[in-house]
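The values are calculated or read from the model by the stated rules, or taken from the named source; none is laboratory data. Given the structure is predicted, the values throughout are model-derived calculations rather than measurements. We place every Cβ from the backbone using ideal geometry, glycine too, and count neighbours over all the protein chains shown. The area values use the complete protein model at the heavy-atom level, side chains included, leaving out ligands, DNA and RNA. Shrake-Rupley method; radii C 1.70, N 1.55, O 1.52, S 1.80 Å.
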Amino acid sequence: MWMPSRRQVLLSGIAAAALRPMGAKAQTEPVTILQLQRRTIEVNGKPASVFGIRQPDGTYGIATEVGKQFRVRVENQIEQPSLIHWHGLTPPWRQDGVPGISGPPIPGGGNADYNFPLSFGGTFWMHSHEGLQEQSLMLAPLIIHDGRGGSGEQEIVLMLNDFSFTPPEKIFEGLKKRGSMPNMAGGGGMRTAGLTGMREPAPAAPDLNDVKYDAFLANERTLADPEVVGVEPGGKVLLRVINGSSMSNYHVDLGRLAGTLIAVDGLRTALVRGRRFPIAVGQRLDLRLAIPRTTAAYPLLAILEGERRQTGIVLAAGRAAIARVPELAEIASPPLTLALEWRLRAKKPIKARKPDRVYTLNLTGEMAGYVWSINDIVWNPEIPPLQIAEGERVQLNLVNRTPMSHPMHLHGHPFQVVEIDGARFSGALRDTVLVPPGRRVTVVFEASNPGLWAFHCHLLYHLEAGMFTTFKYM
């Protein structure tokens, strides 16, 4: 996601490289067409011009299977350049979809072909990495079936988005002009994480929700007119939750339904049961639900962190009456913490060994002037990439020096969370991890996919403001 002035620089050199050619075997598989479109939806009773990623028959995004080739043609039918990132997948780096890092954007009226194997399954998503298009819903689900859905289990995708009638460029301009905000100073003190017995530093009054949105969407609808999904009384549901918001974290509230978390960011974890689960920007949750045998309606809600505003869908078992669900929860939700992260354990953890290379990445910046950075460096095309070597075990110590949480996303590689504030554990495999204010989260990954790879905060306007860097190995 780049400012136009950056894009001109980035399109030189490596950015001009073509996508990898298709192999003979892959040529025999059908090509899925994805069209980048301009369309109109209704939000709060008003028409809204947004983008979309659809197949020619109207299918939203892609659902495919592990072991197949990801053979896709993207047709750009909008009036401006665009490029799509396959969030959570591990493609060859030229096909990763970041302008100037993996290749040039697709011009209006142009197209690009993608072809790589799908070696693992799960819940992923796709979104534009060009400018601020993601805010205008240039995104869609990307589901890779791998048998995790049980026999007779109904699959439901829940895509969350924040929405504004204000153009994203004006939102970003306003953030840069607004200056400092109250509650900037982090607080001291300690508190005990009730789920684990670990002691966590708890900054007082963290800054939340930079942008005041007009609406929050669940599958592109608000609670004024939510999507109602029919389910069988006594049936089982695999709920795939994707936080495709640009700036908003949520608590997923299952209400009267108990859920079992089976995967985060598409990757399997040891089972965690509960009724409420945090989800940061860019993250995904796979939740298994058991529907009671009675006829009833079950709202599944996402409550904005720190506020009462909420969105969601409704499951209708049998001929259930559907009551209006308020768009404000009874009480404000708390900020997201690392309480769930402490509990998560990877189903197939990375084999433990000493890291070959360690980087400490301080997450830095301030609301004054809206400047965000890594190690006090605001990214620009002249910043050299961080060097690693193929086959290395790489450790990243992520230290948040700001009063805001940052969901940090690595392209082209899953990583494992192995330490929080100095305490080691064998945590979840992820591609996006939340680092709250004042906290230190350590992750490790294998350098097994050579190329030039992006690493950044997934809050859209923080990324655009410079909280971004790259790793390089060839």
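Looking only at the range 317-330, residues that are open to solvent by 40 Å² or more (accessible area, probe 1.4 Å), touching a residue at least 60 places away in the same chain (Cβ under 8 Å) and hydrophobic (A, V, I, L, M, F, W, C) come to 1 in all. Within the range 279-304, being closer than 20 Å to His456 by Cα and assigned to a strand (DSSP E or B) holds for Ile279, Arg284.
Can you pull out the residues in the range 348-360 that are part of a loop (DSSP other than H, G, I, E, B) and open to solvent by less than 70 Å² (accessible area, probe 1.4 Å)?
Answer for the range 348-360, where residues must be part of a loop (DSSP other than H, G, I, E, B) and open to solvent by less than 70 Å² (accessible area, probe 1.4 Å): Pro349, Ile350, Pro355.
Of all residues in the range 314-342 being among the small types (Gly, Ala, Ser) and part of a strand (DSSP E or B), which is nearest to the chain's Cα centre (by Cα)? Outline the logic, then answer.
Quick first cut of the range 314-342, residues among the small types (Gly, Ala, Ser) only: 316-318, 320-321, 323, 329, 332-333, 339.
Those left that are additionally part of a strand (DSSP E or B): 316-317.
On the way: Ala316: 28, Ala317: 30 Å.
Taking the candidates together, the pick is Ala316.
Scanning the range 331-339 turns up no residue that is out of contact with any helix residue (DSSP H, G or I) (no Cβ under 7 Å at 6 or more places or on another chain), surrounded by 14 or more Cβ atoms within 10 Å (Cβ to Cβ) and at positive phi.
Name the one entry in Asn397, Asn362, Asn380 that is without any contact (Cβ under 8 Å) to a residue 40 or more places away in the chain and of a type outside the set (Val, Ile, Thr). If you could, list the steps in order and put the result at the bottom.
Values: Asn397 fails: without any contact (Cβ under 8 Å) to a residue 40 or more places away in the chain; Asn380 fails: without any contact (Cβ under 8 Å) to a residue 40 or more places away in the chain.
Going through Asn397, Asn362, Asn380 in turn, the sole match is Asn362.
Scanning the range 62-88 for residues that are open to solvent by 10 Å² or more (accessible area, probe 1.4 Å) and over 21 Å from Gly108 (Cβ atoms) returns Ile62, Ala63, Thr64, Glu65, Val66, Gly67, Lys68, Gln69, Arg71, Gly88. For the criterion of being under 23 Å from the mean Cα position of the chain (by Cα), within 22 Å of Pro407 (Cβ to Cβ), surrounded by fewer than 20 Cβ atoms within 10 Å (Cβ to Cβ) and of a type in the set (D, E, K, R), Arg345 passes.
Only one of Pro381, Pro437 is under 30 Å from Ser164 (Cβ atoms) and modelled with pLDDT under 95; which? From the options Pro381, Pro437, the qualifying one is Pro381. Could you please let me know if Thr260 is of a type in the set (S, T, N, Q), in a strand (DSSP E or B) and either open to solvent by 10 Å² or more (accessible area, probe 1.4 Å) or farther than 23 Å from His413 by Cβ (or both)? So Thr260 passes the test. Among residues of the range 149-177 that are farther than 17 Å from Leu300 by Cβ, those with a Cβ under 6 angstrom from a residue that is of a type in the set (Gly, Ala, Ser) and buried (at least 19 other Cβ atoms within 10 Å of the Cβ), sequence gap 6+ or separate chain, pair up as Asp162/Ser245; Asp162/Ser246; Asp162/Ser248; Phe163/Ala215. With respect to (1) modelled with pLDDT under 80; (2) in contact with a Leu (Cβ under 9 Å, 6 or more places away or on another chain); (3) of a type in the set (A, V, I, L, M, F, W, C), the lone exception for Ile41 is condition (1).
Suppose we keep only residues that are outside any strand (DSSP E or B) and among the aliphatic types (A, V, I, L, M) within the range 65-89. Which one would you say is farthest from Glu134 (Cα to Cα)?
Going through the range 65-89, the residues outside any strand (DSSP E or B) turn out to be 66-68, 77-81, 83, 88-89.
Still in the running and among the aliphatic types (A, V, I, L, M): 66, 78, 83, 89.
Details: Val66: 26, Ile78: 14, Leu83: 11, Leu89: 18 Å.
For the range 65-89, the residue satisfying everything is Val66.
Cβ-Cβ contacts under 9 Å between residues 6 or more apart (or on different chains), taken from a first residue in the range 303-316 that is touching a residue at least 12 places away in the same chain (Cβ under 8 Å) to a second residue that is basic (Lys, Arg), are listed as Ile303/Arg276; Ile303/Arg309; Thr311/Arg221; Ile313/Arg221.
When Lys46, Lys25 are screened for being at pLDDT below 95 and either surrounded by 13 or more Cβ atoms within 10 Å (Cβ to Cβ) or charged (D, E, K, R) (or both), only Lys25 passes. When each of Val417, Val399 is tested for being farther than 27 Å from Thr123 by Cα, assigned to a strand (DSSP E or B) and β-branched (Val, Ile, Thr), the lone residue that passes is Val399.
Just a yes or no: is a residue in the range 421-428 buried (at least 23 other Cβ atoms within 10 Å of the Cβ), modelled with pLDDT of 95 or more, closer than 16 Å to Leu344 by Cβ and not hydroxyl-bearing (Ser, Thr, Tyr)? Looking for residues that are buried (at least 23 other Cβ atoms within 10 Å of the Cβ), modelled with pLDDT of 95 or more, closer than 16 Å to Leu344 by Cβ and not hydroxyl-bearing (Ser, Thr, Tyr), one finds at least one in the range 421-428, hence yes.
Scanning the range 93-135 for residues that are surrounded by fewer than 21 Cβ atoms within 10 Å (Cβ to Cβ) and either without any contact (Cβ under 8 Å) to a residue 24 or more places away in the chain or within 25 Å of Ile171 (Cα to Cα) (or both) yields Pro107, Gly108. For the range 388-408, filtered to residues that are in contact with a strand residue (DSSP E or B) (Cβ under 6 Å, 6 or more places away or on another chain) and open to solvent by 40 Å² or more (accessible area, probe 1.4 Å), the residue that is farthest from Leu459 (Cα to Cα) is Glu390. In the range 264-295, the qualifying residues are those that are within 15 Å of Leu239 (Cβ to Cβ) and among the basic types (Lys, Arg), and the one that is most open to solvent (accessible area, probe 1.4 Å) is Arg273.
Please state which one of Gly412, Gly438 is assigned to a loop (DSSP other than H, G, I, E, B), touching a strand residue (DSSP E or B) at 6+ places or on another chain (Cβ under 9 Å) and either surrounded by fewer than 21 Cβ atoms within 10 Å (Cβ to Cβ) or aromatic (Phe, Trp, Tyr) (or both).
Values: Gly412 fails: either surrounded by fewer than 21 Cβ atoms within 10 Å (Cβ to Cβ) or aromatic (Phe, Trp, Tyr) (or both).
Going through Gly412, Gly438 in turn, just one is assigned to a loop (DSSP other than H, G, I, E, B), touching a strand residue (DSSP E or B) at 6+ places or on another chain (Cβ under 9 Å) and either surrounded by fewer than 21 Cβ atoms within 10 Å (Cβ to Cβ) or aromatic (Phe, Trp, Tyr) (or both): Gly438.
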